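Novice: This structure is in structure tokens; I'll ask about it shortly.
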Amino acid sequence: MGNILLIIGVSIVSISLGVIISSTLRRRSLIKKNQHIIKEAKAEAEMIKKDKILEAKEKFLQLKTEHEKFINDKNSEISNRENRLKQKENSFSQKMEDLNKKQKEVNHLKTSLNNQLELANKKQSELEKAHQQQIEQLQIISGISAAEAKAQLIESLKVKAQTEALASIKDVVEEAKLTAAIEAKKIVIETIQRNATEYASENCVSVFNIDDDEIKGRIIGREGRNIRALEAATGVEIIVDDTPEAIILSAFDPIRREVARLSLHKLVSDGRIHPARIEEVVAKTKKQIEQEIIEIGKRTTIDYGIHGIHHELIRLVGKMKYRSSYGQNLLQHSKEVSDLAAAMASELGLNPKIAKRAGLLHDIGKVADSDSEMPHALLGMKLAEKYKEKPEVCNAIGAHHDEVEMTNLISPIVQACDAISGARPGARREVAESYIKRLNNLEELALSYPGVVKTYAIQAGRELRVIVGSEKISDQETEQLSFDLSQKIQSEMTYPGQIKITVIRETRAVNFAK
């Protein structure tokens, strides 16, 4: 038992000694390894340090070289500038010397001139004395004074000058009579040639193109309700026939046709076609057309360099695009009159800007909002005066059909240019104008009745559609209104064939759920 304990003790001691020795050896090995690493790190750091020092020295030398080069360049530039300044200074000194020499010469000449002037004054005095002595001797010889002799001479010269002037005036007048007509024709022809444009007479139909004939059925709607709603809202006759991929819009009013065309385009593009949608789209399109009219007026006045014009006149200028005069587009006609008047005024030495302004505005009375019985020239003059246009422009507008007396030279120019623009072959159609006037009178006659809201003359004037307010006229009164209109049209108007009067009364109840 004692041996066993001894062996165990020796074993434990041996193990402890082994662990201690092993630990000591490992620690020494680590110390040696760390020392070796530290030595390598110091050597590497020393190498890096040397490299950095070399790089810094090279950079320094490079910067030093660049700096020395910069300094040399600057010194060279400064030297060049100093040389140029010295050259300029030498040149300036030379010029100053030349100037001093010239100044001395001028002073010498001035002195010489003063001496000559004194001699001339002395001689002038002597001549005046001699002249006075001669006058006194002549007065003694002739027996009259110098004033009387002067008056007699002036009178004789005056009579001779009047005789010669009358003869010259007569010759000039005769020559002017011979050449005036030729010169006037020359100016007019040159003006027309410089402003010649092509014409396309306005008609009363528009063609709306469609991609598929199936759309025609959707436009007509169930039992024709869509097409009836569209015609009632726009006042345009919509002709849907066998023409492939096309619908014809017929109306004498270009604005109505344009509203109908744009409305149809929006409805077909959107795909929703029913009476309520049609009325909504037509109302929006009318507002769009009003805005487009203003934009056209602004663009026209800007293109023609006409500034300071009232916004209401700008609107009327834009409205002329949708108005025809004897089949000729009114805006195109007014623009050409403006060009012609400006060119003719320039040829005659007058103000072309005023002539251009008067030419553009000369027919605004035709598109006035008020239904006045006054001639369009006088109505246009009143509008121009109302919106503070110049007197020359107002007179040219009012006098271009001789309703008022012409007070300036611009007025006959505008009148002549209006005639030139309208008299060209193919520019106008008298029949179209009378036809449009008859349809306008037909609509205005129906509008004169109480309770009538809107009137539309369609089918080339063979049908008159009258829309009345349901709260103002009853169903029984619509029959009477239709009869009264037919009798009045028969008694007051002249027209071919017969006219169908259709009175439309519609009741609507509208409420909103909130």
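Novice: Taking a ≥ b ≥ c as the square roots of the eigenvalues of the Cα gyration tensor of the stretch 329-406, is the shape rounded (a/c under 1.5), prolate (a/b larger than b/c) or oblate?
Specialist: Prolate, since a/c reaches 1.5 and a/b exceeds b/c.
Novice: Could you calculate the FRET efficiency of E66 with K88 from 1/(1 + (r/R0)^6), where r is the beta carbon distance between them and R0 is 41 Å, rounded to 0.05?
Specialist: Computed FRET efficiency for E66 and K88: 0.80.
Novice: If you don't mind, another one. Quick check: the distance between the Cα centres of the stretch 300-371 and the stretch 439-498, to the nearest angstrom?
Specialist: Cα centres, the stretch 300-371 to the stretch 439-498: 35 Å.
Novice: Holding the Cα-Cα limit at 20 Å, pick out from K366/K437; K216/K454; K437/K500; K319/K386; K335/K356; K286/K382 the pairs that are longer than that.
Specialist: The answer is K216/K454; K286/K382.
Novice: While we're here: Once the piece of chain linking E373 and R28 is laid out straight, how much longer is it, given 0.36 nm per residue of separation minus the C-alpha distance between them?
Specialist: The E373-R28 span can extend by a further 111.4 nm.
Novice: Taking a ≥ b ≥ c as the square roots of the Cα gyration tensor eigenvalues, with a/c under 1.5 meaning rounded and otherwise prolate when a/b beats b/c, else oblate, which class fits the stretch 304-349?
Specialist: Oblate.
Novice: Take the alpha carbon gyration tensor of the stretch 265-402, find the square roots of its eigenvalues, order them as a ≥ b ≥ c, and report rounded if a/c is under 1.5; if not, report prolate when a/b exceeds b/c, else oblate.
Specialist: Prolate, since a/c reaches 1.5 and a/b exceeds b/c.
Novice: How do the peptides 3-9, 379-385, 453-459 rank, highest first, by the average count of neighbouring beta carbon atoms within 10 Å per residue?
Specialist: In decreasing order of mean packing, 3-9, 379-385, 453-459 become 379-385, 453-459, 3-9.
All of the numbers you see were taken from the coordinates with simple rules; none came from a lab. Computed from a prediction, not measured in an experiment: that's the story for all the values here. Positions of Cβ are generated from backbone atoms using ideal geometry, with glycine treated the same way; all protein chains shown enter the neighbour counts.
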